[in-house]
Amino acid sequence: MNADDWSVITGISTAVIALCALGLSIWQGVLARKHNRLSFRPHLTTWTHSDAEKGVYVFEIINNGIGPAIIEEFSIKVDGKLISGEGAESIEKALKITIPNLPYKAQQSYLGTGYVMAAKERCTVFAVQFSGQPLPSKDLVEYAFNRGDLEISYKSFYGERFPFSTQEEKSKKLSQPT
């Protein structure tokens, strides 16, 4: 082999190495972008707790994802019908519909459009304290609350949109094998 042949082989080898390095850099960029999207993905879920002996029931929304959730829409339905109202008014109306004849005190809150719910943040949507005797049974209260559906549309900082529905969440939990 003469010097010109080595020159050609060296040039081709250099081009192949450069193309491999470029391909690897692009692949790493794609993987980094996927990782960053996952690193900022929010995930809303519910958390409920109660003390039936004291007549206390609490319903919370938690962002247990690792990124903030930007709230786009927050709505309440009872028996499939949208409940109108400003702010927490729709939650108050829903409680009056689902537990109309029971004496109680309640606190409500909601997530407004544009609110950014941080990762690991929780929001108490409602807390109900029943009064009078006898207190309603836990089954009756759960039946009443299950008539409601909280729907939230939210997105990540990357603009990925996610729906949330308490009815769909319940369906998923019921369909999972135990």
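Derivation of every value follows stated rules applied to the coordinates shown; laboratory data play no part. Computed from a predicted structure; not experimentally measured. Positions of Cβ are backbone-derived with ideal geometry, glycine not excepted, and every protein chain shown enters the neighbour counts.
Structure above, values below:
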item	result
At most 12 other Cβ within 10 Å, DSSP loop - GluC sites (Glu not before Pro), segment 69-142	E86
Protection proxy ranking, peptides 26-32, 153-159, average beta carbon neighbours within 10 Å, highest first	153-159, 26-32
Additional length obtainable on full extension of the chain from E151 to K105, 0.36 nm per residue less Cα span	14.2 nm
Ascending count of other beta-carbon atoms within 10 Å, so fewest first, for T113, T46	T113, T46
Longest to shortest principal axis, alpha-carbon extents of segment 97-178, angstrom	51, 33, 22
Crossing angle, helix 3-39 versus the chain [Cα axis fit, 0-90 degrees, rounded to tens]	10 degrees
Most fluctuating residue given options L82, L22, L150, as computed from a GNM of the chain linking Cα atoms under 10 Å	L22
Inter-label distance for Y115 and E142, nm, one decimal - labels placed 7 Å from Cα along Cα-to-Cβ	2.7 nm
J(HN,Hα) series, segment 134-141, from Karplus relation 6.51 cos²θ - 1.76 cosθ + 1.60, nearest Hz, glycine and proline x	x, 5, x, 5, 4, 4, 5, 5
In nm, spacing of pseudo-spin labels at S165 and V16 (7 Å Cα→C-beta vector)	5.6 nm
Segment 71-178: Lys pairs at Cα distance under 16 angstrom, eight or more positions apart or on different chains	8
Loop trypsin sites (Lys or Arg not before Pro), segment 100-145, which have at most 12 other Cβ atoms in a 10 Å radius of their Cβ (DSSP)	K120
Read-out mean projected area of the Cα convex hull in nm², derived from the coordinates shown; its label in [x] 10.2; [y] 16.0; [z] 12.8	[y]
Theoretical FRET efficiency, 1/(1+(r/R0)^6), r = Cβ-Cβ of D4 and S25, R0 22 Å, to 0.05	0.10
